Every structure is written in structure tokens, then in C-alpha cells.
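Everything on this sheet refers to the single structure shown next.
The values are calculated or read from the model by the stated rules, or taken from the named source; none is laboratory data. Note that the structure is a prediction, hence the values are computed from the model and not measured. A quick note on method: Cβ atoms are made from the backbone with ideal geometry, for glycine too, and the neighbour counts reach across all protein chains shown.
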Amino acid sequence: MEIYRSGTLVPLTAHEFKLLRYFLDNPGRAIAREELLSDVWGMSFHLTTRTVDNQILKLRQKLETDPANPVHFAPFMESDTNSSPRDKTICAVKEIVDS
């Protein structure tokens with residue numbers, strides 16, 4: 001599958017594509033790092049989450065008009081009363097990706 005942004009082919013690594021596919025399969029949903037590590041990488045969430053952050057950063061750099069102010073891969077902070085805030089990412093990729 002090829003990904004285009006504004007008519008230009010965007011080269012993605014296999015992991016970037018797998019992550020993008022996961023976001024496309026879960027549009028508009030806040031997804032925790034732990035879920036991404038488990039479902040995309042097949043890893044235990046006890047491992048470092050910087051892997052997820054770095055891959056999302058790469059997708060932002062390739063697909064966002066202004067990566068410093070993401071619209072399509074927006075960060076989302078959620079906290080509950082029993083734990084510290086958890087980072088999640090909400091994706092609206094369908095708006096920018098043609099296949």
C-alpha cells in the first residue's frame with residue numbers, strides 16, 4: 001500500500017506503516033502507549049514507551065503540515081483519580097491520507 005500526502009508519495013518504514021494502519025483502524029479514539037506497544041509491537045507495556053513516542057514523531061514529521069502543532073496525531077492527556085496522568089494519542093489520519 002502506498003501513502004500520499006497532497007499528491008506526493010510518502011515513504012514509510014514497515015513499522016511506521018503498521019502504526020499508521022492501527023490508527024486508521026481506530027479513528028478518533030485515544031490510544032494509550034501500552035496498547036500500541038502490545039498491539040503494534042507485540043511487547044509488554046513494562047518496556048520503554050519512547051519507542052511509541054519516536055514512531056509517532058516520525059509520522060507527524062512525514063504527514064503533518066506543522067509537526068510542532070499536530071492536528072492529525074494529537075496528544076491527549078488523561079488522568080483518573082487512582083493514577084498519574086497517562087499519555088494517549090488521538091488520530092484523525094483519514095483526513096490526510098489517500099491510499
*Filter the stretch 19-33 for residues that are without any contact (Cβ under 8 Å) to a residue 40 or more places away in the chain and more than 10 Å from the chain's Cα centre (by Cα) and give the result.*
D25
*Can you find a residue in the stretch 18-33 that is at pLDDT below 80 and aromatic (F, W, Y)?*
no
*Looking at the stretch 50-57, is at least one residue touching a residue at least 40 places away in the same chain (Cβ under 8 Å), buried (at least 16 other Cβ atoms within 10 Å of the Cβ) and out of contact with any Leu (no Cβ under 6 Å at 6 or more places or on another chain)?*
no
*Pull up the stretch 43-55, narrow it to residues that are among the hydroxyl-bearing types (S, T, Y) and assigned to a loop (DSSP other than H, G, I, E, B), then point me to the one that is modelled with the highest pLDDT.*
S44
*Do you know which residues across the stretch 3-27 are farther than 20 Å from A74 by Cα and in a helix (DSSP H, G or I)?*
A14
_Which numbered condition D80 misses (of (1) modelled with pLDDT of 85 or more; (2) acidic (D, E); (3) loosely packed, with under 14 Cβ neighbours inside 10 Å)_ = (1)
*Look at G7 and say whether it is at positive phi, under 15 Å from the mean Cα position of the chain (by Cα) and surrounded by fewer than 12 Cβ atoms within 10 Å (Cβ to Cβ).*
no
*Within the stretch 56-69, is there a residue that is among the charged types (D, E, K, R), under 14 Å from the mean Cα position of the chain (by Cα) and modelled with pLDDT under 75?*
no
